[in-house]
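J.: For reference, the structure I am asking about is given below.
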Amino acid sequence: MAVERTLSIIKPDATKRNLTGKINAKFEDAGLRIVAQKRIQLTPAQAGVFYEVHKERPFYGELCDFMASGPVVVQVLEGEGAIAKNREVMGATNPADAAPGTVRADFAESVGENSVHGSDAADTAAQEIAYFFSGLELVG
Ligand code: ADP
């Protein structure tokens, strides 16, 4: 399987509860390497650009406000099949449906405040990584 990179975000519900280290341990235990990472504060407009694909969904405004409600940790994870592997480690969008031991089963508070984001395909991963990081910030 090919080595891939994927964009991960530890969302404000998780940074507020000091869960960055516990979530990173799950990524690293699964064989994902954190090759870039920074803690930033988004504005609702910046979150809106990131989540533009959802702009027609009823929860879009709520999602943008939530993503700007506190710091996020944006990171690039690298590994074999990293995009799918990260989605596995994250668990289902709704924590009620997430498999035991996944980030969302263990930490998410609701379907909206669900602790992590992860890219869902190679093209979106490339686009999302470029939104937050320059090439010089990626240290494999
Ligand atoms: P995922 O993050 O698992 O890829 P989606 O792309 O479907 O899920 O949704 C993006 C984000 O929008 C979710 O992670 C969650 O924060 C939020 N979201 C999704 N569905 C809902 C909903 N029904 N109500 C509120 N927020 C939602």
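J.: Could you work out the helix-only [θ] at 222 nm for the chain, with each DSSP H run of four or more residues adding -39,500 (n - 2.57) and the total divided by the number of residues, to the nearest 500 deg cm²/dmol? Before the final figure, lay out each step's value.
T.: On the way: 7 runs with 55 residues, N = 140.
Calculated at 222 nm, the ellipticity per residue is -10500 deg cm²/dmol.
J.: So, in nm, how far is label A99 from label A122 when the simple model puts each one 7 Å beyond its Cα toward the Cβ?
T.: Between A99 and A122, the label points sit 2.3 nm apart.
J.: Going by a ≥ b ≥ c, the root eigenvalues of the Cα gyration tensor, does region 67-126 fall in the rounded group (a/c under 1.5), the prolate group (a/b larger than b/c) or the oblate group? Please list the in-between numbers first.
T.: On the way: a/c = 2.03, a/b = 1.23, b/c = 1.65.
Because a/c hits 1.5 or more and a/b fails to exceed b/c, region 67-126 counts as oblate.
J.: Another question about this same structure. Beyond 19 Å, what share of the Cα-Cα pairs of the chain is found? Please give it as a whole percent. Don't skip to the answer; put the middle values down first.
T.: On the way: 4620 of 9730 pairs.
The answer is 47 percent, as a whole percent.
J.: Relative contact order for the chain: what percent, with Cα pairs under 8 Å and sequence separation of 6 or more? Don't jump to the answer; show the numbers that get you there.
T.: Working: 248 pairs, mean separation 52.0, N = 140.
Reported relative contact order: 37 percent.
J.: Here is a further query. Can you return the aspartates and glutamates within cross-link range of K85? Criterion is Cα-Cα under 12 Å, with same-chain partners fewer than 8 residues away left out.
T.: Straight-line reach from K85, under 12 Å: E4, E28, D29, D120.
J.: Would you work out which of T20, F133, N94 lies farthest towards the positive end of the dipole of the chain, given +1 charges on the beta-carbon of Lys and Arg and -1 on that of Asp and Glu, about the Cα centre?
T.: Result: T20, furthest along the dipole toward the positive end.
J.: Let me ask something else. Taking θ = phi - 60°, what integer Hz values does the Karplus form 6.51 cos²θ - 1.76 cosθ + 1.60 yield along region 34-40, in sequence order, with x for Gly and Pro?
T.: Each residue's phi maps through the Karplus curve to give 7, 9, 7, 6, 8, 9, 9 Hz.
Coordinate-derived values only; no laboratory data. Owing to the predicted nature of the structure, the values given are computational and were not obtained by experimental measurement. With ideal geometry, Cβ positions are generated from the backbone for all residues, glycine too; neighbour counts draw on all protein chains shown.
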